[in-house]
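Here the structure comes first, spelled out in structure tokens, and everything after it is commentary.
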Amino acid sequence: MQNKSKILRMKESKKDSEKEVWDPIQIRSSSGNPLVHGSSSRPIPKLMVWLILFVSFIYVIYTLKLLASSAEDSYDDIPFTSSLHPSLLNPNRTAEMTKEKASLHPHRDAREKQVGLLRMPKAPPRWRPTEIHDVVFGIAASSKLWQKRKEYIKIWYKPGRMRGVVWLDNRVKYSAEDNRTLPPVRFSSDTSKFQYTNSQGHRSAIRISRIVTETLSMKMDNVRWFVMGDDDTVFITENLIRVLRKYDHTQYYYIGSLSESHIQNIFFSYSMAYGGGGFAISYPLAKALSKMQDRCIQRYPGLYGSDDRMQACMAELGVPLTKELGFHQYDVYGNLFGLLAAHPVTPLVSLHHLDVVEPIYPNVTRVQALNHLMLPAKLDSAGIMQQSICYDKTRSWTISVSWGFTIQVFRGIFSPREIEMPSRTFLNWYKRADYTAYSFNTRPVSRNPCQKPFVFYMSSVGMHSKLKTTVSKYDRHRVPHPPCRWKMADPNNLQMVIVYKKPDPNLWNRSPRRNCCRVMKTKEPRTMEVDVGVCKEGEFSEI
């Protein structure tokens, strides 16, 4: 019995000792109170509940703080919203509160003004497209040729709307009419300090290469682009602006085109803009050029002309040529007909070497021909010289339209691939009829008398007031035509072609593509009517 009671006491003492062991490690809540006794699975969910509540509390505090700060920012960004403060609805009350605040806390008011100035965001400059008054023309001229070549400048330059400077090497006669119709004249600075060692060239190349820098030094306001050209260069200024709008004037850009002569490009550079065709330099690039150009020129005394000196400096600045095919150097001789009748799918920007080539329209002077070209250019500058190719399948004729310039009608069906190549109506710069001397593809003038095109030159152009469509007329060029024995419809009976075309100022805002043309039905036996416009869905020049 004693042993039994002794065993019971030992068991009780063992339980007490176990209780003492477990009490110190009893699970407690985050507040320090012991959790309710129960099964071992209950304390874990409660701990998670407390943890979730804690995280949620922190998230709410952070969110409220973020909303408060964003509200303050919105007040700074929208200072004229009436809901910002009730006092803004009452200007008099606002003034009273401002005076009270200033008298109580003068230093804090000054600090708050400074903070307000710092917080007030600067409005970003409003973007606007480049316009003609953002461009300054630098025109290289010679006093010996001035009286003749100034007439080319009058064709395209518009005083009052445009800005430009003619840079001459010597004094010239400048009449009252010249003063009204031409840019102001300046004389280039002395360049005798620069070395020039090219035996085939002329020192005037150094003077001309500095025209952009000298024009920049005149410090004209709001200039985006400097455009260089010669006194025998004619610009289609609306198309020039269309090209320049494609580029960011705040970046370094050197924009122009190559020579038509493969030999010229090899001799000078395929990376050089030819100044006769014109080139454009952005204002920041002109500033960078002006800081180093004189030193750069000294490093290249053996170069031939002004353009290669300019390109040498661009190479040192690391700025490549951005090529735009609408700038035309025209290093060719003879008749530009083949080049103009198959103009590339790009805006016509400039024409050069007008003293060297024949007048672009027959039986008139060069100046008269160029003034005649400006008539369609005023109505639809984007479409001037643009080629369209279509077919009169009932008569098996191929029609090529160079809008505002000429129309060609061929017997037979020629593929667009062939017609879009310029025909060789001109000689290369070295006066050889060598088709390998050009930097583009050409096609020979056909020797087959039946394949010789019938040519029609634009005689008049106007706008149909009701239809808002240009109506241009093209008269047959009267030259002897060789007899043809082909048994097919003879274009020899045609005397006039009338073309209807709606002006399309957004033509070059889309991807480049030739317009389509369609031969229309007409009751006039000696007249053909053609419609030119944007190609319709699924329309193309199908043979």
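The values are calculated or read from the model by the stated rules, or taken from the named source; none is laboratory data. Keep in mind it's a predicted model, so treat the numbers as computed, not measured. Here the Cβ positions follow ideal geometry from the backbone for every residue, glycine too, while neighbour counts run over all protein chains shown. Only protein heavy atoms, including side chains, enter the accessible area calculation; ligands, DNA and RNA are left aside. Shrake-Rupley method; radii C 1.70, N 1.55, O 1.52, S 1.80 Å.
Note that the range 246-307 presents 40 Å² accessible area per residue, ligands and nucleic acids not counted, probe 1.4 Å.
Cross-link check: pairs Lys393/Lys501; Lys150/Lys502; Lys393/Lys452; Lys323/Lys452; Lys393/Lys473 evaluated at a Cα-Cα cut-off of 24 Å; pairs beyond the cut-off: Lys150/Lys502; Lys323/Lys452.
Computed on the range 380-533, with alpha-carbon pairs under 8 angstrom and 6+ residues apart, the relative contact order is 24 percent. Computed over protein heavy atoms with a 1.4 Å probe, the carbon and sulfur contribution to the accessible area of the range 380-533 reaches 51%. Stretched out straight at 0.36 nm per residue, the stretch from Asn198 to Ala489 would grow longer than its current Cα-Cα span by 98.8 nm.
Would you mind classifying the range 380-533 by shape? Square roots of the alpha carbon gyration tensor eigenvalues, ordered a ≥ b ≥ c; an a/c under 1.5 is rounded, otherwise it is prolate if a/b is larger than b/c and oblate if not. Oblate is the answer for the range 380-533, as a/c is 1.5 or above yet b/c matches or exceeds a/b. Multiplying the residue separation of Tyr435 and Gln368 by 0.36 nm and subtracting their alpha-carbon distance yields 21.1 nm. Under the simplified labelling scheme, the Tyr304-Arg395 pair shows an inter-label distance of 4.7 nm, with each label point 7 Å from Cα along Cα→Cβ.
Give the shape of the range 401-472 as rounded, prolate or oblate, defined through the alpha-carbon gyration tensor: a ≥ b ≥ c are the square roots of its eigenvalues, a/c under 1.5 means rounded, and otherwise the shape is prolate if a/b is larger than b/c and oblate if not. Prolate, since a/c reaches 1.5 and a/b exceeds b/c. Per the 1.4 Å probe, what fraction of the accessible area of the range 132-329, in percent, lies on carbon and sulfur atoms? Here carbon and sulfur together make up 50 percent of the probe-accessible area.
Between Thr250 and Ser465, full extension at 0.36 nm per residue minus the direct alpha carbon distance yields a gain of 73.3 nm. Excluding ligands, DNA and RNA, the accessible surface per residue across the range 496-543 is 67 Å² with a 1.4 Å probe. By its C-alpha gyration tensor, with a ≥ b ≥ c as the square roots of the eigenvalues, how is the range 132-329 shaped: rounded for a/c under 1.5, else prolate for a/b larger than b/c, else oblate? Verdict is rounded for the range 132-329.
Put simply, when 243-253, 416-426 are sorted by average Cβ atoms within 10 angstrom per residue, most first, you get 416-426, 243-253.
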